[in-house]
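Read the structure below first, then the notes.
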Amino acid sequence: MSVITAPATDRRWLGLAVIAAAQFMVIMDTSIIGVALPEMQRDLGFTPENLSWVFNAYVVAFGGLLLLGGKISDVLGARTVFAAGWVVLAAGSLVAAVAGNAEVELAGRAIQGAGAALIAPAALTLLMMLFGNSPRELTKALALYGAAAPAGGTAGVFLGGVITEYLSWPWVFAINLPIAVLILALVPASMPAGRFPGSRRVDLVGAVTVTAGLAALVYAVVQAPEVGWGAARTWWVLGAGVVLLAGFVAQQARGREPLLRLGIFRAPDLAAANLGQLLLGAAWIPMWFFLNLYLQQVLGLSAFPSGAALLPMTLLIMVGMVVLAPRVLAVVGVRAATVTGLALLAVGMGWLALIRPDGSYAADVLPASLVAALGMSLAFIPTLGTAISAAPPEEGGLASGIVNTSYQIGSALGLAVMTALAAAHGAGRLGDPVALTDGYSAAFVGAAVVAGVGALATGVLLRGKGAGA
């Protein structure tokens, strides 16, 4: 390994704070626009059909470019790529904030997603560089990093409502600019410099192929509820995505310096941990999405009280990841903690499926959401830590890109499939609380099945028994 210039020991925790802030912002940018969408539709001329792409443009760019971001992080150095990602994210935020039409807005959101795709894998590599020599401290650091994700998701709901109500929708993007400036100022003193040895070549053909393939799959599934699962357009785009990804795998298998060295999946538990992260995202994100809709469209809460209703769940996740998950890992190990977490998540989802049109927050939402949150907090840390630490140190950025891709693509595909399932059971009948409840209940059942499959799969495939994540 090349010389790594690390900050002083007492600065490592400042570095962790910066990394956690990055995770917070990356996830917050997926949720902060939700409350602002109606005003953006009116001001920018979005049609009802393409309004969802204010969210999807970010997620597709983010998920599709993560492998490239991880590889660039290994080639150029994680600190350099982390800082570059914040510059790109800030530029995209500025474009989105000043957009005067729908096309420019979507371009700004895609640029934001590209910046996030540089930040996320570099952040995890930096975390491993700062704490990788101490398994106990690494578990704590991963717990704090993991807790930043649900905090960012809930903060996005809060801030989106407050900013839209008291300022205007462009500020949901402009808020990123001062934060980016602050983080860029802290990077030199808090982050280790240097990079691992290896090739300085980036496989651009592979990057384009895998990005296009992943984007096609996400696009097809996201659009399918609108154009129909039986439509030729849906299957043409799905087929194109599959062909592109198959071509990517074939190219990587025979390339001398591939973007994704397929042999990395021979590392013990790396593939199983990534499968766990994919299924975790596919179950968790739909739950959060439809729970928010149930609170607003059936129980009648406005945006701000709806965000407040998610706070107990978020606080439990944060406490669970920081305090409980490391202790459970130390006692039972990776596999048992992961299986228990995913099983609890499935139970919580199944409980949420019992929601009623005339229900209440205290009876129908709070207890079930807390069970689901406990499961999330137990499953997230061991799968994330295993997916990163199983790879060789010089491929830390690639491993980070793979696990982030797994979670984000799982989130996008899971949300798209559960949206189609909800629509098929009546979720499109706005103003009809019975039909809406039936649709959301179906989505919760689907998410419970995904979490249950995750528990079974990781129970069979994960071999890790150690305490470390």
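Only the coordinates and a few stated rules stand behind these numbers; no lab work does. Predicted, not measured: the structure shown is a model, and the values here were computed from it. Ideal geometry is used to build each Cβ from the backbone, glycine not excepted, and the neighbour counts take in all protein chains shown.
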Exercise. Express the Stokes-Einstein translational diffusion coefficient of the chain in µm² s⁻¹, to the nearest whole number, given a Kirkwood radius over alpha-carbon pairs, 4 °C and a viscosity of 1.567 mPa s.
Key: 59 µm²/s
Exercise. Compute the acute angle (0 to 90°) between the alpha-carbon long axis of helix 102-131 and the principal axis of greatest extent of the alpha-carbon atoms of the chain; round to the nearest 10°.
Key: 50 degrees
Exercise. Tell me what the chain gives for mean residue ellipticity at 222 nm when only DSSP H runs of n ≥ 4 count, each as -39,500 (n - 2.57), the sum divided by the residue total, rounded to 500 deg cm²/dmol.
Key: -26000 deg cm²/dmol
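I need LYS71, LYS140 ordered by Cβ neighbour count within 10 Å, fewest first.
So the ranking, lowest neighbour count to highest, is LYS140, LYS71.
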Quiz item: How large is log10 I(q)/I(0) at q = 0.11, 0.16 Å⁻¹ when the Debye formula is applied to the Cα atoms of the range 266-469, each weighted equally and without solvent?
Solution: -0.49, -0.95
Exercise. With only Lys, Arg, Asp and Glu charged, each at its Cβ (+1 for the first two, -1 for the last two), find how big the charge dipole of the chain is about the Cα centre; round to the nearest 20 debye.
Key: 1420 debye
Quiz prompt | Cβ-based exposure ranking for TYR166, TYR219, TYR440, in which fewest neighbours within 10 Å come first | solution = TYR166, TYR219, TYR440
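Please compute the length gained on full extension between LEU315 and VAL449, using 0.36 nm multiplied by the number of residues separating them and subtracting their Cα-Cα distance.
Numbers: separation 134, 0.36 × 134 = 48.24 nm, distance 2.51 nm.
Additional length available on full extension: 45.7 nm.
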Practice problem: Starting from the Cα-Cα distance between ALA423 and ASN101, subtract it from 0.36 nm times their residue separation and give me the gain in nm to one decimal. | Solution: 113.0 nm
Quiz prompt | Taking ARG266, ARG256 and counting other C-beta atoms within 10 Å, the order from fewest to most | solution = ARG256, ARG266
Quiz item: How far is helix 396-424 tilted, in degrees, relative to the longest principal axis of the Cα atoms in the chain, given as a value from 0 to 90 rounded to the nearest 10?
Solution: 10 degrees
Exercise. May I ask for the angle, rounded to the nearest 10°, between helix 9-31 and the longest principal axis of the chain, with both axes built from Cα atoms and the value confined to 0 to 90°?
Key: 30 degrees
